[in-house]
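What follows is a single structure, written as structure tokens, with notes after it.
The values are calculated or read from the model by the stated rules, or taken from the named source; none is laboratory data. A quick note: this is a predicted structure, and the numbers were derived from the prediction, not measured. Backbone-built Cβ (ideal geometry, glycine too); neighbour counts: all protein chains shown.
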Amino acid sequence: MNRSAHAFWLSRPGEGEIRPVTLPEPRAGEVVVRTLWSGVSRGTETLVFRGQVPGSQHTAMRAPFQEGDFPAPVKYGYLNVGTVEEGPDTLVGRTVFCLYPHQTRYVVPATAVTPVPESVPAGRAVLAGTMETAVNALWDAAPLVGDRIAVVGGGMVGCSVAALLARFPGVRVQLVDTDPARARVAAALGVDFAAPEDALGDRDLVVHASATERGLTRALELLAPEGTVLELSWYGDRRVALPLGEAFHSRRLVIRGSQVGTVSPAARPGRGYADRLALALELLADPALDELITGECAFAELPEVMPGLASGAIPALCHRVRYPDGGTVLT
């Protein structure tokens, strides 16, 4: 079997390159995976690309199969879908999801891959990591039947949360974003849309995912008394100022953090990371979620594309990366 591969590395903040890799021989209990698709996490991954991971978070922000250290050089990423070429008979030939960086072929323990359900196309399965974040967020938020909810920030995470909330009975969901083009995505997901200045107030719950100070301020303004903002944004090394000296205390508002690195304690006892990821993959059977994949490039183009994604010059919700047939060396 071919043991050559190529991987995308952040060589220094703001600059990436593709490097050759020689794969180790797989041992018992390991699999060789040929990548079909990977996805760029627009929030965390672009912060990493810009070199904005705070020193205090270098350990907490390590990806499961990261190589190198922050700020650079580092091989980073965690949205990978591929085909098992070698390994246990139960996995060979299966399409699997793995929290692996952008690399054409790789070797990992068999326990590190999760089979993609037959109802989920491989290209859509790159959303599994983001859907897993949304699942954890709703375990944390625990919305109730009939709640009035706003999701502020129509990026990958915000849209994934909105898509799940649309399935709750009696819940009224409004996606709030500054980009009017998100209205089409909201319609496909089955939720309402509004610009920030037109958003409905008196919300029982607001999920914030815009990663902006203005967005979080607006999220607080939209709450009903004793309402909760569930904060999903990660700001890296940026500081955020909030109007906590106005009606924050008299209205008894709550800001609660949620992060996918820990399984929500609200989940049924005994549910772990593998259970949460398997659930996220099952939820991707909905074809409407294809609306979240709005950009695509070839693996060889990543060094030129990543700076544009990090700066916002290339707009996309989920930017998907396609790999050459055979997953071998680049031409």
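Tally time: how many residues in the range 81-91 are over 19 Å from VAL40 (Cβ atoms) and either basic (Lys, Arg) or in contact (Cβ under 8 Å) with a residue 24 or more places away in the chain (or both)? Total satisfying the criteria: 7.
If you check GLY201, GLY227 for being in the same structural domain as ASN136 (by TED's automatic domain parsing) and out of contact with any Lys or Arg (no Cβ under 7 Å at 6 or more places or on another chain), only one passes: GLY201.
Residues that are among the acidic types (Asp, Glu) and more than 19 Å from ASP140 (Cβ to Cβ) were ranked within the range 177-225; the one that is surrounded by the most Cβ atoms within 10 Å (Cβ to Cβ) is ASP177. The set of residues in the range 1-35 being assigned to a strand (DSSP E or B), hydrophobic (A, V, I, L, M, F, W, C) and in contact with a Lys or Arg (Cβ under 9 Å, 6 or more places away or on another chain) consists of ALA5, ALA7, PHE8, TRP9, LEU10, VAL21, VAL32, VAL33.
So LEU279 passes all but one of these: (1) in contact with a helix residue (DSSP H, G or I) (Cβ under 8 Å, 6 or more places away or on another chain); (2) under 22 Å from VAL74 (Cβ atoms); (3) modelled with pLDDT of 95 or more. Which condition number does it fail? Status for LEU279: all satisfied but (2). All conditions but one from (1) within 18 Å of the chain's Cα centre (by Cα); (2) not in a strand (DSSP E or B) apply to SER38; the one that does not is (2). Among the residues of the range 250-265, some residue qualifies, meaning at least one is in contact with a Phe, Trp or Tyr (Cβ under 7 Å, 6 or more places away or on another chain), among the hydrophobic types (A, V, I, L, M, F, W, C) and either loosely packed, with under 14 Cβ neighbours inside 10 Å or at negative phi (or both).
Of the residues in the range 169-176, not one is aliphatic (A, V, I, L, M), within 24 Å of VAL113 (Cβ to Cβ) and either without any contact (Cβ under 8 Å) to a residue 12 or more places away in the chain or crowded, with 23+ Cβ neighbours inside 10 Å (or both). Residue under question is PHE65, and the condition is that it be under 16 Å from GLY77 (Cα atoms), among the hydrophobic types (A, V, I, L, M, F, W, C), touching a residue at least 24 places away in the same chain (Cβ under 8 Å) and surrounded by fewer than 22 Cβ atoms within 10 Å (Cβ to Cβ); does it hold? Yes. None of ARG94, ARG124 is in contact (Cβ under 8 Å) with a residue 12 or more places away in the chain and surrounded by fewer than 19 Cβ atoms within 10 Å (Cβ to Cβ) except ARG94.
Could you say whether any residue in the range 283-293 is under 25 Å from PRO64 (Cα atoms) and out of contact with any strand residue (DSSP E or B) (no Cβ under 6 Å at 6 or more places or on another chain)? The answer is yes; a qualifying residue exists. When restricted to residues that are assigned to a helix (DSSP H, G or I) and either modelled with pLDDT of 95 or more or of a type in the set (Lys, Arg) (or both), the range 292-308 contains 10.
Candidates are the residues of the range 133-168 that are of a type in the set (D, E, K, R) and either more than 18 Å from GLY272 (Cα to Cα) or not assigned by TED's automatic domain parsing to the domain that holds VAL185 (or both); the one that is surrounded by the fewest Cβ atoms within 10 Å (Cβ to Cβ) is ARG167.
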